[in-house]
Amino acid sequence: MSVMIRSTGVAIPQRRMENAELAAMVDTTDEWIRSHTGIRCRHIAADGELTSDLAAAAATMALERAGISAREIDLLVLATATPDYLGFPSTACLVQRKIGADGCAALDVVAGCTGFIYALEVAAAMLEARGGRNALVIGAETLTRITDWKDRATCVLFGDGAGAAVLSRIEEGGRGVLKTILGAEGSGAGDLYLVQAPRERSFERSEPIVPRIAMNGQNVYNFAVKTISVLVGRLLHASVYKLEDFAWIVPHQANARIVQAAAKRLGAPEERFYLNLEEYANTSSASIPIALHEMTEKGLLKKGDLVMLIGFGSGLTYGAAAIRW
């Protein structure tokens, strides 16, 4: 038995913000954003459009493409850094209700931009351990709601969206999720976090806390470049594959310069790395499933292709997965 990605789905907000619009808000230019990040635009969730709404729409598309109903899902794992509610209920439970997957296990995973790979491993392992048949794995974010639009170092980076995948246990060996590596460096937790001012204890009504993204860009950049190189080496060693065996490497879509630097370190052609952040910017846990869906739609992923997923993000977390498509 093995666990394979059976189908994918996405939900992208209609509102599209190009760099020129940002340049009118903060001291930056389209040329600077493109040259430093590779980003041309990002999509912004509409007023009242929640993370669970995007997640549910992506999940519904993935279910339709898999040809199964929501009631056939045994497990729903949702990765997000921007849940509908702080603490509880989980956004996964809200999605379960919205798509009608009544009764299945549902939980959130919080691992920043590595969230989808963490969720993929959790879902695959739980399907195997529990003898389940199908799982939904979702990465969904509304990052623009926690973006500081006055901070030109971070506001240019993020966008909203959701990507989902249906996982199914199959009899066919040699396909599906072959090997996963997960890890974290908690010592770097202060390099990428949400600023949250503490409330004073008082019976007086106070203004609600609005978290904002704070990042030490240089430290995160250095971590990401190093991590990609190390992860690729560890995954190749653990899976006994060679780099040239992989048809595609799908990294978290954070910054084109990170991928370019990592490719140079590895001596790998940049064309092997799939990038779409020019259109979507950094959608955190949603970036890898959005990329996989786009690749599927373009006919870039074929049955039997060996694909490598690589993630890195707040925590600081990292993860990689080898998948036989």
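Being in contact with a Pro (Cβ under 8 Å, 6 or more places away or on another chain), crowded, with 16+ Cβ neighbours inside 10 Å and closer than 25 Å to Arg42 by Cβ: is that true of Ala263 here? For Ala263, the condition - in contact with a Pro (Cβ under 8 Å, 6 or more places away or on another chain), crowded, with 16+ Cβ neighbours inside 10 Å and closer than 25 Å to Arg42 by Cβ - is met. Screening Ile39, Ile68 for residues that are buried (at least 20 other Cβ atoms within 10 Å of the Cβ) and either in contact with a Phe, Trp or Tyr (Cβ under 9 Å, 6 or more places away or on another chain) or outside any helix (DSSP H, G or I) (or both) leaves exactly one candidate, Ile39.
Listed by first and then second residue, the pairs with beta-carbon distance under 6 Å, at least 6 apart or on different chains, first residue in the stretch 296-313 and farther than 19 Å from Thr80 by Cβ, second among the aliphatic types (A, V, I, L, M) and part of a strand (DSSP E or B), are Val307/Ile323; Met308/Ile249; Met308/Ala322; Ile310/Ala320.
Residue check: Ala79 meets all listed conditions (1) under 21 Å from the mean Cα position of the chain (by Cα); (2) surrounded by fewer than 23 Cβ atoms within 10 Å (Cβ to Cβ); (3) on the phi < 0 side of the Ramachandran plot but one, namely (2). Go through (1) assigned by TED's automatic domain parsing to the domain that holds His237; (2) at pLDDT below 95 and name the single condition Arg130 misses. Here Arg130 clears every test but (1).
Would you be able to tell me the number of residues in the stretch 248-277 that are of a type in the set (Lys, Arg) and within 16 Å of the chain's Cα centre (by Cα)?
Here is the first cut: in the stretch 248-277, the residues of a type in the set (Lys, Arg) are 257, 264-265, 272.
So of that shortlist, the ones also within 16 Å of the chain's Cα centre (by Cα) come out as none.
Number satisfying all stated conditions: 0.
Kindly evaluate Val10 against the criterion of being more than 18 Å from the chain's Cα centre (by Cα), in a strand (DSSP E or B) and crowded, with 20+ Cβ neighbours inside 10 Å. No; evaluated as a whole, the condition is false for this residue. Suppose we filter Ala291, Ala263, Ala256, Ala322 for residues that are in contact with a strand residue (DSSP E or B) (Cβ under 8 Å, 6 or more places away or on another chain) and under 19 Å from Phe223 (Cα atoms); which single one remains? Ala263 is the lone residue from the list that is in contact with a strand residue (DSSP E or B) (Cβ under 8 Å, 6 or more places away or on another chain) and under 19 Å from Phe223 (Cα atoms).
What do you reckon, is Glu21 touching a Ser or Thr at 6+ places or on another chain (Cβ under 9 Å), in a helix (DSSP H, G or I), of a type in the set (Asp, Glu) and surrounded by fewer than 18 Cβ atoms within 10 Å (Cβ to Cβ)? Break it down stepwise before answering.
Working: touching a Ser or Thr at 6+ places or on another chain (Cβ under 9 Å): no; in a helix (DSSP H, G or I): yes; of a type in the set (Asp, Glu): yes; surrounded by fewer than 18 Cβ atoms within 10 Å (Cβ to Cβ): yes.
So Glu21 does not fit the description; no.
Within the stretch 270-284, is there a residue that is in contact (Cβ under 8 Å) with a residue 24 or more places away in the chain, of a type in the set (Phe, Trp, Tyr), in contact with a Ser or Thr (Cβ under 6 Å, 6 or more places away or on another chain) and buried (at least 23 other Cβ atoms within 10 Å of the Cβ)? No; the residues of the stretch 270-284 include none that is in contact (Cβ under 8 Å) with a residue 24 or more places away in the chain, of a type in the set (Phe, Trp, Tyr), in contact with a Ser or Thr (Cβ under 6 Å, 6 or more places away or on another chain) and buried (at least 23 other Cβ atoms within 10 Å of the Cβ).
The values are calculated or read from the model by the stated rules, or taken from the named source; none is laboratory data. These figures come from a predicted structure and were not determined experimentally. Positions of Cβ are generated from backbone atoms using ideal geometry, with glycine treated the same way; all protein chains shown enter the neighbour counts.
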